[in-house]
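Report on the following structure.
The values are calculated or read from the model by the stated rules, or taken from the named source; none is laboratory data. Everything quoted here is computed from the prediction, not taken from an experiment. Cβ placement follows ideal geometry from the backbone for every residue including glycine, while neighbour counts extend to all protein chains displayed. Calculation scope for accessible area: heavy atoms of the full protein, side chains included, ligands and nucleic acids excluded. Shrake-Rupley method; radii C 1.70, N 1.55, O 1.52, S 1.80 Å.
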Amino acid sequence: MDKNVELLEYIYQDADMGVKSLTNLINAINNKDNKIKKLVEEKLKGYEEILKKSKKLLKDYQAEPKSKGLKADLGSLMGIKMELMKDNSDARIADMIIKGFTMGIIDAEKRIDKYKKEVDRKVLNIAKEIKEFQEQGIKDLKAYL
């Protein structure tokens, strides 16, 4: 498989999981009085932008975007619901999102390092973009801890 497509698929899947997880989270706290909602919605929009960019680039390389699948989606949904049943405070929500961002950053760093000499600059740039987006997300969320 083309290295550009491999890296783009990872980016697409990471952004797709972010969109689905944050959408599930917003739906779960929709009727609650959480101050963090606006920030979660902003981060959702950020993931949607990256998802759109990665999807377009995948099509440029004649590849079809693939999500991680139903099992990953259901796991995310169940995990969010279980955690929020225990504690739906802004601090707990921020902590959950920070953990997701941290996993994404670690994976992105590994892949950037692995592919940096083998992929087109535009593909590498979107990989760096998702990593920087997640790093900024952590900074923004710390105010709620």
Taking the 0 to 90 degree range and rounding to the nearest ten, how far is the long axis of helix 3-29 tilted relative to the main principal axis of the chain, both from C-alpha atoms? 10 degrees
In the range 47-125, if the dipole is taken from +1 on Lys/Arg beta carbons and -1 on Asp/Glu beta carbons about the Cα centre, which of Leu124, Tyr47, Met85 is farthest to the positive end? Leu124
Any idea of the accessible area per residue across the chain, 1.4 Å probe, to the nearest Å²? 58 Å²
Under a point-charge model restricted to the Cβ atoms of Lys and Arg (+1) and Asp and Glu (-1), what is the dipole moment magnitude of the range 13-106 relative to its Cα centre, in debye to the nearest 20? 140 debye
Cleavage-rule hits (GluC sites (Glu not before Pro)) in the range 100-145: DSSP loop, at most 13 neighbouring Cβ within 10 angstrom: Glu118
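Quick check: convex hull over the Cα atoms of the chain, volume per residue in Å³, rounded to an integer?
It comes to 98 Å³ per residue, whole-number rounded.
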Could you work out how far the C-alpha centroid of the range 51-68 sits from that of the range 1-22, in angstrom? 8 Å
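How much of the accessible area of the range 43-97, in percent, comes from carbon and sulfur atoms when a 1.4 Å probe is used? Let's see the in-between values first.
On the way: 2020 of 3410 Å².
Roughly 59 percent of what the probe reaches on the range 43-97 is carbon or sulfur.
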